[in-house]
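**Student:** Take this structure, written in structure tokens, and hold onto it; I'll ask about it next.
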Amino acid sequence: MASLAPTFGRGAMTNSWIDIKNADVILIMGGNAAEAHPCGFKWVTEAKAHNAAKLIVVDPRFTRSASVADLYCPIRAGTDITFLLGAINYLISNGKLHREYIKSFTNASYVVKEGYDFNAEEGLFSGYNAEKRSYVRDLWEYEMDPATGFAVRDPSFANPRSVFQLLKKHVERYTPEMVERICGSPKEKFLEVCGHIASTANGERVMTSLYALGWTQHSTGSQNIRSMAMIQLLCGNIGIPGGGVNALRGHSNVQGFTDLGLLSNSMPGYLAMPSDAEGTFTTYINNRDFKPLQENQISYWQNYKKFFVSHLKSMYGKYATAENDFGYEWLPKYDGAYDTLKQFDLMFHGKINGYVCQGFNPLMSVPNKAKTAAALAKLKFLVTIDPLDTETSRFWESHGEFNVADPAAIQTEVFQLPTTCFAEEDGSYTNSSRTIQWHWKAADPPGEARGDAEIMADLFLRIKNLYKAEGGSRPDPIYYTDWNYAQPFSPNADELLREINGKALVDLPDPADATKTIKKAGELLDGFAQLRDDGTTAGGCWIYSGAYTEAGNLTTRRDTADPSGLGIYPKWGFTWPANRRILYNRASADASGKPWSARKKFVEWNGTKWVSPDVPDFPATLAPDKNAGPFIMNAEGVGKLWVRKAMSDGPFPEHYEPFETPVGNVLHEKTISNPVSRLLKGDAEAFGKADAFPYVATTYRLTEHFHYWTKHSRINAILQPELFVEISENLAKEKGIANGSMVQVSSNRGSLKARAVVTKRIPTLTIDGKTVHTVGIPIHWGFIGEARKGGGVNMLTPFVGDANVNTPEYKAFLVNIEPVAASV
């Protein structure tokens, strides 16, 4: 897949914020950049003003982004895949394809082995196990040539089992009429959107896609993103200036959060956590052994062992040796997903005793607030690490109508550890563009607040000393963790970034000339290419290698020089990997190395080497006739229109309804919702039905607030003081709701009261002949802070998640809405 989203955590920009200005078409879908990312939206306005770009917005609401768009198309929340597969069907059936790009740089010509099938009537791919709610994915593999060991290809795309032909057949059901029937998007509007997309399928014009949580927070979230990645591959828009699939991350450092392995199933640099079945180092490495699918194919992942061993050396230092497999035994082994939904389900069933909650407010953000509060009440202890008071740290208090648990029955002991905010400490943050930038401390924290690193270091060292004094089971991972910091109880950010970057542990010989040394022992590495798999290098996160070298901390750079005029700014901060601003940029030139377009010229083979204002995403002197594949951060080397095992819910995307839907699934009545989504035992009983909860609800953010923090600020509380919901004029008339009046919104899990905003911004849709109304609910209110108290949207949201990364389905669920009688 071309987008980083399923490959690397929850998403990253393939391009950059600034690069948006180079687009000819901008499609905002699954996000609202003008409101949720107002500073970054500057580059959309730059593209419109200076590049005559067309802005297209597809959204359940007429948003601030839509207000400045050239075209707005409404859509029912939770039906994005239908819309996008309809666009793919349009591109294929109308011949609007960048065929040479597809042939050279994607797996469209690969032949899938016999046995694969898709049952369109049931909505299931080959290999489905209903009891386990999972697929056996062996039938999704390619046909392999026994003579060469490589995947069989048909460059003509004629083979009926070629990826292209399978895709063509798969999407033929998604006609414009079907899109209108499922999505409620008017056929003429849909076709107009398709026309703009198709205008870029030629190498001369280019489209960028901007998305955010409006795509990820669905039970089909990962496939939403993959559908757009497939469109961009068919149009040839990946690796091109002004192109890409670009995730707009919602926090200043949420990209860094996932980069450094703070997801339950990944380690820094998106290395996989070992599973229970991978009891030995050899098994783990062999399971990730790079096997090329084509002659000359190269991949970052052929260096997996170098990345992994260097990380283990960073973790365990001198204790990690070749004899003990570099401490592999000390790593925890993964016996299943431990995402937020699983954590709180285990907590709810009394299987977790203690919870450390750092910079997180789960009482407001984990779905089904009643279950979340009940889970917290079953803990023996809860630790919150946050610069502000949170609803989670006060979940046990009495707050009137906002209570979801009996305070007298709660025995959980709560510890609050006040920490710093970003302005009170040195450090780095990584934005959506993958750019790591340093920030400097501006003020001392108040009271007894301490930095997160200081708090975690103190906790770790106290626990280590308790192990030494009292013993305990499995002490080795604690004893042998390397903690050789200048200030052990308070490691500084500069030292931590150097450790993350990586260093030589011995003098490193030059691979091309063993008589020369490229790094002396103790020197910082210049990039991940210098990492070794023999224990002679240490590096905390391979994708950050090169951020802090012997030349200094490159994330502090603020050089505004941009010789290309394309918004590269190569000496502003450091962008992972290798300071590359556009990923897969080799694909901006054809198979011979000639740019597809003189106007979009970015990377070119000059007969000796690849030249670019950016860092070429290709070995610098590897000639194009080697055809090694431009997508070298992808293990297959090509953009994936088809996936073999990377996605748990299908080699192609497919339309499944949200788990709470106002209508059935018109494509397959038996399989209504995603058959392998994260659904835990007992949670299906809390789903609501359309007869009692007839309206589709969706959640979103406002410019005036930042999640649950800014309600502590009086100015923000004045700007948006009170929880409100938005409804259409038609629904207001139907329910007798006046603008500004109080309403009660309820789901099968709870209810909240809010102020009604009656607006033209919420369209009324016709879905399969049925009128469907939408209720829009901002997320920001709770019972702590300066703003007026509000129930919290997660009083309503269902406890179900995406099939691949388990993100909860916040963006499409069912509610009822009724007016609240005015008190006498």
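The values are calculated or read from the model by the stated rules, or taken from the named source; none is laboratory data. The structure presented is a predicted model; accordingly, all values stated were derived computationally and were not measured. FYI the Cβ positions are ideal-geometry reconstructions off the backbone, even for glycines, and counts take in every protein chain you see. With ligands, DNA and RNA removed, areas are computed over all heavy atoms of the protein, side chains included. Shrake-Rupley method; radii C 1.70, N 1.55, O 1.52, S 1.80 Å.
**Student:** For segment 288-314, which residues satisfy the criterion of being open to solvent by 60 Å² or more (accessible area, probe 1.4 Å) and modelled with pLDDT of 95 or more?
**Tutor:** K305, K306
**Student:** Can you list residue pairs whose Cβ atoms sit under 6 Å apart, with the first residue in segment 505-517 being within 24 Å of N484 (Cβ to Cβ) and the second being basic (K, R) and part of a strand (DSSP E or B)? Count only pairs 6 or more apart in sequence or on different chains.
**Tutor:** Listed by first residue and then by second, the contacts come to L508/K519.
**Student:** From the list E143, E114, pick out the single residue that is surrounded by 12 or more Cβ atoms within 10 Å (Cβ to Cβ), of a type in the set (D, E) and at pLDDT 95 or above. Talk me through it step by step, then tell me what you get.
**Tutor:** Working: E114 fails: surrounded by 12 or more Cβ atoms within 10 Å (Cβ to Cβ).
Exactly one residue qualifies, and that residue is E143.
**Student:** Counting only residues that are among the polar types (S, T, N, Q) and touching a Lys or Arg at 6+ places or on another chain (Cβ under 8 Å), which one in segment 188-216 is surrounded by the most Cβ atoms within 10 Å (Cβ to Cβ)?
**Tutor:** Here is the first cut: in segment 188-216, the residues among the polar types (S, T, N, Q) are 199-200, 202, 208-209, 216.
Now narrow it down to the ones that are touching a Lys or Arg at 6+ places or on another chain (Cβ under 8 Å): 199, 216.
On the way: S199: 17, T216: 24.
Within segment 188-216, the match that is surrounded by the most Cβ atoms within 10 Å (Cβ to Cβ) is T216.
**Student:** Yes or no: A738 closer than 30 Å to S252 by Cβ, out of contact with any Pro (no Cβ under 7 Å at 6 or more places or on another chain) and either open to solvent by 40 Å² or more (accessible area, probe 1.4 Å) or among the small types (G, A, S) (or both)? Break it down into steps so the answer makes sense when it comes.
**Tutor:** On the way: closer than 30 Å to S252 by Cβ: no; out of contact with any Pro (no Cβ under 7 Å at 6 or more places or on another chain): yes; either open to solvent by 40 Å² or more (accessible area, probe 1.4 Å) or among the small types (G, A, S) (or both): yes.
Spelling it out, it is not the case that A738 is closer than 30 Å to S252 by Cβ, out of contact with any Pro (no Cβ under 7 Å at 6 or more places or on another chain) and either open to solvent by 40 Å² or more (accessible area, probe 1.4 Å) or among the small types (G, A, S) (or both).
**Student:** Can you tell me which residue in segment 39-59 is most open to solvent (accessible area, probe 1.4 Å), limited to those that are in a helix (DSSP H, G or I) and modelled with pLDDT under 95?
**Tutor:** So in segment 39-59, the residues in a helix (DSSP H, G or I) come out as 42-51.
If we keep only those that are modelled with pLDDT under 95 as well, we get 50-51.
Values: H50: 144, N51: 43 Å².
Among those that are in a helix (DSSP H, G or I) and modelled with pLDDT under 95, it is H50.
**Student:** Tell me whether segment 429-447 contains one or more residues that are part of a helix (DSSP H, G or I), at pLDDT below 95, surrounded by 14 or more Cβ atoms within 10 Å (Cβ to Cβ) and not acidic (D, E).
**Tutor:** Keep residues of segment 429-447 that are part of a helix (DSSP H, G or I), which gives none.
No - not one qualifying residue is present in segment 429-447.
**Student:** Go through (1) surrounded by fewer than 23 Cβ atoms within 10 Å (Cβ to Cβ); (2) touching a helix residue (DSSP H, G or I) at 6+ places or on another chain (Cβ under 7 Å) and name the single condition R99 misses.
**Tutor:** (2)
**Student:** Is there any pair linking a residue in segment 445-464 that is farther than 20 Å from Y480 by Cβ to one that is outside any helix (DSSP H, G or I) and of a type in the set (F, W, Y), with Cβ under 8 Å and at least six apart or on different chains, and which?
**Tutor:** As it stands, the answer is E454/F489, since those pairs meet every condition given.
**Student:** Which numbered condition trips up S104, out of (1) over 17 Å from L191 (Cα atoms); (2) not in a helix (DSSP H, G or I)?
**Tutor:** Unmet condition: (2).
**Student:** Would you call I455 surrounded by 14 or more Cβ atoms within 10 Å (Cβ to Cβ), assigned to a helix (DSSP H, G or I) and touching a Cys at 6+ places or on another chain (Cβ under 9 Å)? Can you show your working first?
**Tutor:** Working: surrounded by 14 or more Cβ atoms within 10 Å (Cβ to Cβ): yes; assigned to a helix (DSSP H, G or I): yes; touching a Cys at 6+ places or on another chain (Cβ under 9 Å): no.
No: the conditions fail for I455.
**Student:** Check N606 against each of (1) free of Cβ contacts under 8 Å to residues at least 60 places away in the same chain; (2) open to solvent by 20 Å² or more (accessible area, probe 1.4 Å); (3) touching a helix residue (DSSP H, G or I) at 6+ places or on another chain (Cβ under 8 Å) and name the one condition it does not meet.
**Tutor:** If we test N606 against (1) free of Cβ contacts under 8 Å to residues at least 60 places away in the same chain; (2) open to solvent by 20 Å² or more (accessible area, probe 1.4 Å); (3) touching a helix residue (DSSP H, G or I) at 6+ places or on another chain (Cβ under 8 Å), just (3) comes out false.
**Student:** Every residue in segment 707-735 that is open to solvent by 60 Å² or more (accessible area, probe 1.4 Å) and in contact (Cβ under 8 Å) with a residue 60 or more places away in the chain, please. Can you show your working first?
**Tutor:** Taking segment 707-735 as the starting set, the residues that turn out to be open to solvent by 60 Å² or more (accessible area, probe 1.4 Å) are 709, 714-715, 718-719, 729-730, 733-734.
Answer for segment 707-735, where residues must be open to solvent by 60 Å² or more (accessible area, probe 1.4 Å) and in contact (Cβ under 8 Å) with a residue 60 or more places away in the chain: W709, R714.
**Student:** Now for a separate question. Determine which single condition A158 fails, assuming it passes every other condition in (1) surrounded by fewer than 23 Cβ atoms within 10 Å (Cβ to Cβ); (2) among the aliphatic types (A, V, I, L, M); (3) assigned to a helix (DSSP H, G or I).
**Tutor:** (3)
**Student:** Output the residues belonging to segment 345-363 that are in contact (Cβ under 8 Å) with a residue 40 or more places away in the chain, under 22 Å from G782 (Cα atoms) and open to solvent by less than 40 Å² (accessible area, probe 1.4 Å). Spell out how you get there, then give the answer.
**Tutor:** Of segment 345-363, the ones in contact (Cβ under 8 Å) with a residue 40 or more places away in the chain are 345, 358-359, 361, 363.
Remaining after also requiring under 22 Å from G782 (Cα atoms): 358-359, 361, 363.
Listed by number, the residues that qualify are N361, L363.
**Student:** Now for a different question. Residues G750, G776, G792: which one is under 30 Å from D386 (Cα atoms), crowded, with 23+ Cβ neighbours inside 10 Å, among the small types (G, A, S) and under 32 Å from the mean Cα position of the chain (by Cα)? Reasoning before the result, please.
**Tutor:** Working: G750 fails: crowded, with 23+ Cβ neighbours inside 10 Å; G776 fails: crowded, with 23+ Cβ neighbours inside 10 Å.
Only one candidate qualifies: G792.
**Student:** From the set of residues in segment 649-682 that are at pLDDT below 95 and out of contact with any strand residue (DSSP E or B) (no Cβ under 7 Å at 6 or more places or on another chain), which is surrounded by the fewest Cβ atoms within 10 Å (Cβ to Cβ)?
**Tutor:** K681
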